Amino acid sequence: MSRYALFGQSVAKSPSPQIHTAFARQTGIPMEYVGIDVAPEALDAALDAFVAGGGRGANVTVPHKEAAFARCAQLSERARLAGAVNTLRLDEGQWYGDNTDGAGLVRDLTGRHGLDLRGRRTLLLGAGGAARGVAPALLDAGVRELVIVNRSPERADALADALGQPGRAHTRYWEDLADIGDFELVINATSAGRHGSAPLSLPFALCSDMTAAVDLNYGDVAIPFLAWARTARLRTIVDGLGMLVEQAAESFERWHGVRPQTDAVYAELRKGAPEPATA
Ligand code: ATR
């Protein structure tokens, strides 16, 4: 039985073990997948112990995505652009790092929710690991313009620079949110509200009849942004649960060469996290 794991902090409640166990059963691949809680300073030792115990691949979540990136001998192009890794695979004793968050988001939005991303004027709120993971995939999916707005402007500038498409991906200041027009896609990639911090306060001027609102978070952390989107009477409101399942499927495929079906496990998880109501 090959061993896989999720490395993070407070991963006890993560649905990832449930998702991967369902994929393994469905595809008939014998694997074990467990959550491993580890403090940042203990990550290196924990990864070494995992390999010594037969670990073959892992997912990495907050706050370890950048540290995992630094551990990798090889990286996918999308991981390099993101500067963050959420998927590790052991190749000949060395870590290969990938980032499946962006592909997971795009697959959820286009496949499950039927959104055509092409041509959309898109607002990306945040410039941390989550934002960097999804930004390249949004550009690849054909959004017309990607406006990156972050509380600390230098992080937004660094992300825009890394993306290297100044005509399409550029930054504005958080203070300008009320004056930068409306968007066809608004994505919350901040962690506001995650550690008891205040939720975002966003102007409704960002929305039109056409706006779709997407929170990369799910569960309690996503509630304030989704409530804002409901108050704006948006027709399409999406939380991060589908992205979670799709990035897992993409990781699973990296490890086993087989793409699992995601609908059944998504439906199962959705029972415990009601669909964001749409206006
Ligand atoms: P993650 O991996 O989840 O992206 P992160 O790298 O710590 O975590 O990034 C958190 C993001 O949420 C950052 O963009 C952060 O803004 P700063 O770069 O200015 O810190 C953003 N964020 C967190 N709390 C916020 C708040 N209350 N309002 C606005 N942005 C917030």
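The values are calculated or read from the model by the stated rules, or taken from the named source; none is laboratory data. What you see is a predicted model; the values in this text were computed from it and never measured. Cβ coordinates were reconstructed from backbone atoms using ideal geometry, including for glycine residues, and neighbour counts include every protein chain displayed. All accessible areas refer to the heavy atoms of the entire protein, side chains included, with ligands and DNA or RNA removed. Shrake-Rupley method; radii C 1.70, N 1.55, O 1.52, S 1.80 Å.
How big is the accessible area of THR231 in square angstrom, nearest 10, if you roll a 1.4 angstrom probe over the protein chains?
Roll a 1.4 Å probe over it and THR231 shows about 100 Å².
Carbon and sulfur: what percent of the stretch 112-237's accessible surface (1.4 Å probe)? Please list the in-between numbers first.
On the way: 2740 of 5710 Å².
Of all accessible area on the stretch 112-237, carbon and sulfur atoms account for 48 percent.
Would you kindly derive the ³J(HN,Hα) couplings of the stretch 95-110 from the backbone phi angles with the Karplus curve 6.51 cos²θ - 1.76 cosθ + 1.60 (θ = phi - 60°), listing them in order in whole Hz, with x for Gly and Pro?
These are the phi-based 3J(HN,Hα) values: 7, 9, x, 9, 10, 9, 4, x, 4, x, 4, 5, 5, 5, 5, 7 Hz.
Near the amide H of ALA169, under 5 Å away, which other amide H atoms are found, from residues 5 or more places off or on another chain, if H is placed in the peptide plane?
LEU146
How would SER201, SER2 line up by accessible area, probe 1.4 Å, largest first? Numbers along the way, then the final one.
Values: SER201 100, SER2 30 Å².
Ranked list, largest accessible area first: SER201, SER2.
Please sort 146-157, 58-69 by packing, taking for each peptide the average over its residues of neighbouring beta carbons within 10 angstrom, highest first.
Details: 146-157: 19.0, 58-69: 22.1.
Per-residue mean Cβ counts within 10 Å order the peptides as 58-69, 146-157.
So how tilted is helix 43-52 from the main axis of the chain? Cα-based, degrees 0 to 90, rounded to 10.
40 degrees
From the backbone phi of the stretch 65-82, what are the Karplus-calculated ³J(HN,Hα) couplings (6.51 cos²θ - 1.76 cosθ + 1.60, θ = phi - 60°) in whole Hz, Gly and Pro given as x?
Whole-Hz 3J(HN,Hα) from phi for the stretch 65-82: 5, 6, 5, 5, 3, 5, 7, 7, 7, 9, 9, 6, 4, 5, 5, 4, 5, 6.
Over the chain, average the accessible area per residue using a 1.4 Å probe and give it in Å², no decimals. Let's see the in-between values first.
On the way: 12330 Å² over 279 residues.
With the other protein chains kept in place, the chain gives 44 Å² per residue.
Show me, for the stretch 224-235, the HN-Hα J-couplings you get by feeding each phi into the Karplus relation (A = 6.51, B = -1.76, C = 1.60, θ = phi - 60°), rounded to Hz, glycine and proline as x.
Residue by residue, the stretch 224-235 yields x, 5, 5, 5, 4, 5, 5, 4, 6, 6, 6, 7 Hz.
Arrange the residues HIS195, HIS113 by how much accessible surface each exposes, largest first, with a 1.4 angstrom probe.
Values: HIS195 145, HIS113 55 Å².
Output order, biggest surface exposure first: HIS195, HIS113.
Sort out for me the Cα centre separation of the stretch 32-57 from the stretch 121-159, rounded to whole Å.
Distance between centres, Cα-based: 30 Å.
To the nearest 500 deg cm²/dmol, what mean residue ellipticity at 222 nm is calculated for the chain from DSSP H runs of n ≥ 4 alone, each contributing -39,500 (n - 2.57), summed and divided by the residues?
Numbers: 10 runs with 99 residues, N = 279.
Taking each H run of at least 4 residues, the total per residue is -10500 deg cm²/dmol.
With every protein chain kept in the model, how would you rank TYR4, TYR173 by accessible area, 1.4 Å probe, largest at the top?
TYR173, TYR4
Once fully extended, how much extra length lies between GLU92 and MET210, figured as 0.36 nm per residue of separation less the alpha-carbon to alpha-carbon distance?
Numbers: separation 118, 0.36 × 118 = 42.48 nm, distance 4.87 nm.
Residue separation times 0.36 nm, minus the Cα-Cα distance, leaves 37.6 nm.
Just to be sure I understand: if I project the alpha-carbon convex hull of the chain onto a plane and average over all orientations, what area do I get in nm²?
Working: hull surface 55.1 nm².
With every direction weighted equally, the projected area is 13.8 nm².
Nearest 5 percent is fine: what portion of the DSSP beta bridges confined to the chain is antiparallel? List each step's numbers first, then the result.
Numbers: 8 of 43 bridges.
Of those bridges, close to 20 percent are antiparallel.
If the chain between ARG151 and ALA73 were fully stretched, how many nm would it gain, using 0.36 nm times the residue separation less the Cα-Cα distance? Display every interim value, and only then the final one.
On the way: separation 78, 0.36 × 78 = 28.08 nm, distance 3.25 nm.
Value of the extension gain: 24.8 nm.
Angle check, please: helix 241-256 long axis (alpha carbons) against the longest principal axis of the chain (alpha carbons), in degrees 0 to 90, nearest 10.
Taking Cα atoms only, the helix is inclined about 40 degrees.
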